[in-house]
Amino acid sequence: MAKVSWKNEPDDHDYPAASDYLALLLKPDEVTRVLGTLGEAPIVTQKAKDILRAAQLALLPPDDVHVASDLGKVKNNQPLSPILLLRGRFGSAIPLQIADGYHRVCASYHVDENTDIPCRVADLD
């Protein structure tokens with residue numbers, strides 16, 4: 001399998017997708033503020049395995065339709081879009097939230113759990 005390559009910036013459609021997800025967790029004004037913060041946050045890298053652990057999410061199987069699609073992009077040397085994260089709170093019951101990119105994280109993990117994933121991270125407060 002090829003190495004995962006990444007775009008320099010998240011795709012424009014990633015922000016509305018993040019908004020749809022965050023609208024289930026936050027009030028509308030908080031969603032707007034978090035999306036603004038995400039849009040201005042610098043790109044940082046985190047390992048696929050650490051993102052899944054911090055988010056307390058299960059690794060989706062490679063035959064999941066969206067993970068398989070992203071693995072196909074990797075195989076065809078198409079870059080993936082960086083992911084959008086909302087920082088969790090250590091010592092609380094609030095894990096990291098993958099606002100957009102869960103399937104890309106899982107696909108990257110299947111290629112190599114130590115894949116460095118570019119992401120933008122926002123804080124809730």
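Each reported figure results from applying straightforward, stated rules to the coordinates on display, with no laboratory input. Nothing here was measured: the structure is a model prediction, and the numbers come from that model.
Residue 3 to residue 27: extension gain in nm, 0.36 nm per residue of separation minus the Cα-Cα distance?
The span from residue 3 to residue 27 would gain 4.8 nm if fully extended.
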- prompt: So which residue, out of 41, 107, 99, gets the largest mean-square fluctuation from a GNM of the chain using Cα contacts under 10 Å as springs?
  reply: 41
message: Checking the cross-link filter: which lysines have an alpha carbon closer than 26 Å to that of residue 3, excluding same-chain neighbours under 8 positions apart?
response: 47, 49, 73, 75
